[in-house]
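Q: A single structure is presented below for examination.
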Amino acid sequence: MIATTCEMQAAAVRRVTAKRSVVAVVCFTVVVTTISAAKVPAFEAASVAQAVDGGQPAAAFSVVSVRPTAPSSTEQRGIRPIGAGGRFRAVGMTLRDLIRVAYGSQAALLPSQIVGGPKWAESAAFDIETGVDDTAATGGQMTTERLFAMLRTLLSDSFKLRLHSEARELPIYELVLARQGRLGGTLMPTTTPCVSVTSGAASNAAAGVPLCGFRRVSPTNLAGTGVTMELLAGVLASVPDVGRPVRDRTGLKGGFDLDVTFAPLAAVGQPAVGPTAPDGAPQLFTALQEQLGLRLQNSRGLVDVFVIDSAEIPPSN
């Protein structure tokens, strides 16, 4: 399924994947640390949070409600922008969807980076709502690291999730400058103030302050404000024309405004699906060079693959 356009001000960005559309939290600008080792023993999902927090007890939401998504539901699937006080809400998400977000960095993991587990983990959909986070409620900052650590704790507690990580050498792309010292015409350092989803997104959006990250991810266009190169690399990885992990090797720091239009590749022997690009639009790899001054080059590298050892369907509450 090819994802449709989704505005950041209304919801988190929709990830474009070859198999499934997932609304992912890709607008964050802080990288979450993930396990990266040749192989580690199976661990509770919450244990990564303890590692990130220096051995402190895993961060957790105060109240958690997990229910199967109603078959009649027509609400858009995905993770909503963080509400007042750190409220978290996800609609129609499978366990694999949630793992991809909780263990990703600036963008969700690729579907191929989650393996194993029961069949229901990729088919059964759930709606999740949480209570106010104590840190956010008392005026503390809800960081991206804390939010993802809390989501990992939720997966451990509610789904009894156990998994382990393996670093496998796989084909990847490296995102590099096409011409040293020169950017494309539609890639420029951000000059407009923007805020992350975790920094009072609701109140800032109401005041007209845009959220940092992508405002549009469609089969023919990527556009955003305050986008880091690491975030761009993560989103590019999910585009069907790319379909493999992308590592940022541009050396560009900070946020950038960008807009790139391209013609998606159609499956062999099949017509293109979804919105069509303007006549004459180049394919993605060419568009990156011509419009952004960036290039994807073939390489190989270690990629974290998360193996689901066991999980349980949570009781409705």
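Taken together, the values in this text are just the output of simple stated rules run on the coordinates, not laboratory data. Fair warning: this is a prediction, and the values are worked out from it, not measured in the lab. Backbone-built Cβ (ideal geometry, glycine too); neighbour counts: all protein chains shown.
Q: Would you order F214, F285 from fewest to most other beta-carbon atoms within 10 Å of each residue's own beta-carbon?
A: Values: F214 26, F285 17.
Ascending Cβ contact count within 10 Å gives the list F285, F214.
Q: May I pose another question? Multiply the residue gap between R216 and Q76 by 0.36 nm, knock off their C-alpha separation, and tell me the result in nm, one decimal place. Could you put the intermediate results ahead of the total?
A: Values: separation 140, 0.36 × 140 = 50.40 nm, distance 1.59 nm.
That works out to 48.8 nm of additional length.
Q: Cut-off is 10 Å between beta-carbons; in what order do R182, R295 appear when sorted fewest neighbours first?
A: Values: R182 8, R295 18.
Lowest count first: R182, R295.
Q: If Lys and Arg each add +1 and Asp and Glu each add -1, what is the summed charge of the other residues whose beta carbon sits under 9 Å from the beta carbon of L177? Walk me through the numbers on the way to the answer.
A: Working: positive: R179, R182, R249, R295; negative: none.
Local charge sum for L177: +4.
Q: State the extension gain, in nm to one decimal, for the chain segment bounded by V307 and R168, taking 0.36 nm per residue of separation less the distance between their alpha-carbons. It would help to have the intermediate numbers written out before the result.
A: Values: separation 139, 0.36 × 139 = 50.04 nm, distance 1.18 nm.
Once the chain is fully extended between V307 and R168, it gains 48.9 nm.
Q: OK, next. What distance in nm separates the simple spin-label points at N298 and R182, each placed 7 Å from Cα in the Cβ direction?
A: Inter-label distance under the simple model: 2.6 nm.
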